[in-house]
Amino acid sequence: MIKIVSFKICPFVQRVTAALEAKQIPYEIEYISLKDKPQWFLDISPNAKCL
Ligand SMILES: N[C@@H](CCC(=O)N[C@@H](CS)C(=O)NCC(=O)O)C(=O)O
């Protein structure tokens, strides 16, 4: 299952989820706070950005 990490109103993520829904590809999404990014997110996102 595709996992998307985002914050609530990220336009980059909204484009991705719109495409996934149009293609009926299942995904899960986890929201994080950009003001308090969790360490696990920093470990997997070299630029510390969602998408
Ligand atoms: N990858 C995108 C940018 C993605 C991006 O900036 N996402 C925002 C959320 S909409 C983000 O993660 N910001 C984190 C931050 O600025 O600390 C690009 O190259 O244009």
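The values are calculated or read from the model by the stated rules, or taken from the named source; none is laboratory data. Predicted model only: the values in this text are computed from it and were never measured. So basically every Cβ, Gly included, is an ideal-geometry build from the backbone, and we count neighbours across all protein chains shown. Accessible surface is based on the protein model in full, side chains and every heavy atom, while ligands, DNA and RNA are left aside. Shrake-Rupley method; radii C 1.70, N 1.55, O 1.52, S 1.80 Å.
Data table
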quantity: Sequence-distant residues sharing a close amide H with Ile29 (under 5 Å, placed H); calculated: Ile4
quantity: Using θ = phi - 60° and Karplus 6.51 cos²θ - 1.76 cosθ + 1.60, couplings along the range 33-40 (whole Hz; Gly, Pro as x); calculated: 8, 6, 7, 9, 5, x, 4, 4
quantity: Heavy-atom accessible surface of the chain: percent carbon and sulfur, 1.4 Å; calculated: 56
quantity: Potential extension, Tyr31-Asp43 segment - 0.36 nm per residue separation minus Cα distance; calculated: 2.7 nm
quantity: Where the chain is the region considered: accessible area per residue in Å², 1.4 Å probe; calculated: 79
quantity: Charged-residue dipole, Cβ positions (Lys, Arg, Asp, Glu), the range 1-46 about Cα centre, Debye nearest 20; calculated: 140
quantity: Estimated [θ] at 222 nm from DSSP helical runs (n ≥ 4, -39500 (n - 2.57)) normalised by residues in the chain, nearest 500; calculated: -10000 deg cm²/dmol
quantity: Proximal charge balance of Thr17 [Cβ under 14 Å; K/R count +1, D/E count -1]; calculated: +1
quantity: Restricting the chain to trypsin sites (Lys or Arg not before Pro) in coil, as DSSP defines it, with at most 16 other Cβ within 10 Å; calculated: Lys8, Lys23, Lys35, Lys49
quantity: HN-Hα J in Hz across the range 2-17 - Karplus 6.51, -1.76, 1.60, θ = phi - 60°, x for Gly and Pro; calculated: 5, 10, 10, 10, 8, 10, 4, 10, 6, x, 5, 5, 4, 5, 5, 5
quantity: Alpha-carbon gyration tensor eigenvalues x 5, square-rooted, for the chain, Å; calculated: 21, 11, 9
quantity: Normalised contact order of the range 2-44, rounded percent, pairs of Cα under 8 Å and 6 or more residues apart; calculated: 51
